[in-house]
Every structure is written in structure tokens, then in C-alpha cells.
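The values are calculated or read from the model by the stated rules, or taken from the named source; none is laboratory data. Every value quoted in this text rests on a predicted model; they were computed, and no experiment measured them. Neighbour counts are summed over all protein chains in view; Cβ atoms, including those assigned to glycine, are modelled from backbone coordinates with ideal geometry.
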């Protein structure tokens with residue numbers, strides 16, 4: 001076992017050390033070689049060293065360098081080295097972190113990581129939280145708690161009796177609602193299409209003057225960190241409206257919630273601490289490995305009521321917190337270990353510095369690309385930059401050429417009728433030199449495309 005694991009660790013280290021020098025996108029030859037991983041299932045066992053060698057030799061060159069310093073697509077952070085190491089260790093532990101008595105170490109680590117997360121985000125310490133796969137399941141879990149709470153107030157037990165015959169729930173979303181919220185609503189039986197949409201302003205923020213009347217069981221889905229502009233809905237005003245109607249306010253903050261950790265940018269999240277539930281990703285701005293999302297609910301009993309599981313073979317005690325009572329999964333890995341490691345290493349000041357450094361890099365992108373004559377479509381208030389290079393066809397062609405060039409990688413989006421390059425700066429590894437090198441490549445490609 002030791003030679004295999006040591007050799008694999010060395011391969012992983014070499015991969016990470018080589019990210020800065022390689023192209024962000026894989027070459028055509030590397031992609032073509034992926035067929036070597038296919039074929040019929042082997043009839044007999046083979047040398048595990050050969051398995052790992054094949055996996056590394058073929059798949060590593062064909063991967064996109066998402067963990068590197070010049071990947072700016074999809075609001076993806078690279079994993080901090082301490083979190084990679086923590087993930088390796090947690091994988092070696094191989095703990096099925098569902099029940100405290102079976103896995104006390106990881107259950108305790110996750111409880112501490114949750115408490116630290118609430119602290120750094122400025123959320124109420126009594127909140128219940130759960131480590132899940134990502135923002136989609138975080139939204140699902142938090143909105144399941146919302147569904148429980150608003151129907152319980154109406155005298156209905158949705159976990160016991162389902163939605164057939166239940167009082168109708170009004171769900172209010174933004175015109176800029178993220179598809180992860182829409183998917184979660186569909187999975188919960190609340191419907192992807194039967195929602196009430198609120199118009200947005202030029203930065204994608206809900207217009208409070210366009211809010212409908214709130215009557216009966218109601219869930220309002222808000223957003224901190226628009227996936228295109230980085231802007232936030234006016235949460236404080238929305239909470240005021242919702243409180244008067246006893247409505248539930250949910251905040252989708254996959255990356256934007258982490259702005260609350262920065263004294264410089266916390267004002268963008270003003271009022272969000274008064275909401276009822278929140279969803280975020282740690283594998284975005286906290287820079288831990290995939291997968292790591294967090295569902296947070298002000299009333300932990302609502303989350304537990306929506307998610308709890310019981311069986312004679314599942315040992316429990318009233319004094320212990322079983323992770324499986326707060327998550328959709330029973331069998332699950334200890335996702336909170338990497339979060340604990342990131343927060344333990346960075347501390348409050350380190351998290352704030354990481355957020356502020358990424359925002360400074362985004363502003364630098366916007367300033368330099370604007371000076372080069374290209375159009376910035378959003379107010380760069382956080383870590384998101386939208387760039388247009390002319391008409392839709394031209395912009396799309398330039399984005400594809402930049403991706404093929406390999407110096408950096410940024411994605412394509414549609415923003416209020418315009419096609420744009422979306423630059424998302426979320427990685428701990430990105431430096432000012434990476435920004436400048438990327439700008440030079442984008443300008444060079446755009447002027448020659």
C-alpha cells in the first residue's frame with residue numbers, strides 16, 4: 001500500500017506544480033488520448049501501479065486547469081494546499097459521516113467548522129447547518145426547511161402527508177434567479193414554472209418597488225452575488241416586507257455570501273443576516289476541493305424536521321448531533337474536514353484578505369480591458385467582470401479563441417440581451433502577474449480575431 005500511495009501523491013504534487021506552466025485548456029491530442037481509458041472491462045485484476053499510471057498519464061493532460069491561477073470560468077476557486085492535504089487525510093480515514101457514535105471525530109470537526117462558518121459570515125450562532133455537495137443541494141435542503149416551516153404554520157405536516165391537498169405555497173423569485181434554485185424548487189414539488197417573478201434593475205438586483213403582495217404561505221428566494229454581475233438583492237428591504245407577512249426569506253449566496261467575511265465588502269450583504277435560510281459553496285470562494293456546499297437555516301428544528309432519518313440500526317442519543325439528520329444523504333463523506341482546515345489556516349483575517357484580493361484582481365481586469373477599448377457591461381462591485389467585444393458573433397468568436405489560446409480561460413454568458421465574456425476571479429492562486437498576463441492574451445487574441 002505505501003509505495004502505491006506515495007507514488008500517487010508524488011504524481012498529484014507534480015500535477016499541481018505544473019499548472020502554472022501549462023495551457024489552461026487541454027490540447028486536442030490530450031483529448032483524443034482519452035479513448036485509452038475506454039474499452040471492455042478487464043477480465044482479470046492488474047497491477048494497481050499501472051492503473052494509477054494510466055489514469056495520470058492520460059487524464060491529467062486532458063483535464064482543464066481549474067485548480068490553476070488563470071482559470072476564470074464558472075466562479076470556481078482552486079483548492080488551498082491545506083485543504084487538498086486535509087482531503088487526502090479524510091479520504092484515508094474513510095469515515096461514513098452520518099452518525100456521531102460511528103464517526104465522532106468527523107462529526108465533531110464538522111460541528112466546529114459550521115460554528116466557525118457562521119461566525120465568519122456574521123450569521124446567527126443558533127443556526128442549523130449541513131454540509132452537502134454544492135449550492136444546488138444546499139438550496140434544496142434550505143428550501144425543504146422553508147417548505148416545512150410555512151406549511152407547519154398553516155397547520156400542515158408536509159413530511160408526513162406530502163403536498164397532495166396541502167395549502168398552496170407562493171414562491172417569489174428574481175428574474176435573475178439562479179437555475180440551481182429553480183431546480184431545487186422542482187425537486188421539492190414546488191414547481192419550476194409556478195413561481196412569481198420580480199423584475200430586476202440594470203445590475204440584476206430585485207426591484208423592491210415591483211414586489212407583489214405577500215399573502216398566505218410564502219417563500220421569497222433572494223440572491224447575494226449575481227452570477228454575472230456579483231450584485232446583491234436589497235435583502236434588508238425584502239426582509240422587512242416578508243416579516244410583516246410572516247413569509248420565509250431564503251438567500252442563495254453560492255459565492256457572494258463570502259463577501260460578508262470582508263469588512264470592505266460586507267455592506268453588499270447588508271440585511272442578509274436577518275433572513276431565514278442561506279445556501280453557499282465552500283468550493284468557490286473558500287477554495288476547498290469539490291464537493292462542498294452548505295445549507296444554513298436560522299431555525300435548526302425546521303432543517304431537522306425536513307431531513308431527519310430514523311432506524312433501529314442507527315445509534316443515536318439526544319446529546320449528539322447526527323449529521324444525517326440535517327442532510328439529504330445518509331451515507332456521506334466528511335465534507336466539513338476541508339472547511340475546518342481552510343478556516344483553521346486562514347483565520348478571520350485570511351478569509352477577508354482572500355475575498356478582497358480576488359475583488360482587486362477583478363477591478364484590475366475591468367480597468368485594463370476598458371483601457372484597451374473593450375466594453376465592461378457591469379459595475380464591478382465584487383469578483384465578476386462582464387466584457388463585450390462588439391456584437392454577439394464577434395464576442396463569441398473571441399471567447400472561443402481565448403479559450404483555445406490557453407493562457408487563461410473565461411466563459412461565455414448572456415446578460416440583458418448582450419453576449420459577454422464572464423471573468424470570475426475566485427482562486428487563492430491568482431496573482432497580479434496572472435491578471436496582467438491574461439489581459440495581454442485577451443487583448444492580443446481580440447485584436448487578431
Inspect all residues belonging to the range 242-251 and state whether any of them is in contact with a strand residue (DSSP E or B) (Cβ under 6 Å, 6 or more places away or on another chain) and farther than 22 Å from residue 150 by Cβ.
no
Please enumerate the residues belonging to the range 431-449 that are buried (at least 23 other Cβ atoms within 10 Å of the Cβ) and either out of contact with any helix residue (DSSP H, G or I) (no Cβ under 6 Å at 6 or more places or on another chain) or in a loop (DSSP other than H, G, I, E, B) (or both).
438
Counting only residues in the range 348-376 that are under 13 Å from residue 420 (Cβ atoms) and surrounded by fewer than 19 Cβ atoms within 10 Å (Cβ to Cβ), the one nearest to the chain's Cα centre (by Cα) is identified as 376
Kindly indicate whether any position in the range 334-349 is within 23 Å of residue 96 (Cβ to Cβ) and part of a loop (DSSP other than H, G, I, E, B).
yes
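Quick check, is residue 249 within 20 Å of residue 195 (Cα to Cα), in a strand (DSSP E or B), touching a residue at least 12 places away in the same chain (Cβ under 8 Å) and more than 19 Å from the chain's Cα centre (by Cα)? If you could, list the steps in order and put the result at the bottom.
Values: within 20 Å of residue 195 (Cα to Cα): yes; in a strand (DSSP E or B): yes; touching a residue at least 12 places away in the same chain (Cβ under 8 Å): yes; more than 19 Å from the chain's Cα centre (by Cα): yes.
Taking the combined requirement at face value, the residue satisfies it.
On the given criteria, is residue 282 in the same structural domain as residue 115 (by TED's automatic domain parsing), on the phi < 0 side of the Ramachandran plot and crowded, with 24+ Cβ neighbours inside 10 Å? Show your work before the answer.
Details: in the same structural domain as residue 115 (by TED's automatic domain parsing): yes; on the phi < 0 side of the Ramachandran plot: yes; crowded, with 24+ Cβ neighbours inside 10 Å: yes.
In short, yes.
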Do we have residue 382 as surrounded by 20 or more Cβ atoms within 10 Å (Cβ to Cβ), closer than 28 Å to residue 286 by Cα and not assigned by TED's automatic domain parsing to the domain that holds residue 264 here?
yes
Exactly one of 181, 198 is under 20 Å from the mean Cα position of the chain (by Cα) and on the phi < 0 side of the Ramachandran plot, and that residue is 181
For the range 252-291, give me each residue that is in contact with a strand residue (DSSP E or B) (Cβ under 7 Å, 6 or more places away or on another chain) and outside any helix (DSSP H, G or I).
252, 253, 254, 255, 275, 276, 277, 278, 279, 280, 281, 282
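Please indicate, with yes or no, whether at least one residue in the range 218-229 is over 17 Å from the mean Cα position of the chain (by Cα) and assigned to a loop (DSSP other than H, G, I, E, B). Steps first, answer last, please.
At the first step, the residues of the range 218-229 found to be over 17 Å from the mean Cα position of the chain (by Cα) are 218-220.
If we keep only those that are assigned to a loop (DSSP other than H, G, I, E, B) too, we end up with none.
No: zero hits.
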The range 47-64 residues that are within 23 Å of residue 19 (Cβ to Cβ), paired with ones that are loosely packed, with under 13 Cβ neighbours inside 10 Å and modelled with pLDDT of 95 or more (beta carbon under 6 Å, 6 or more apart)
58/36; 58/37; 62/31
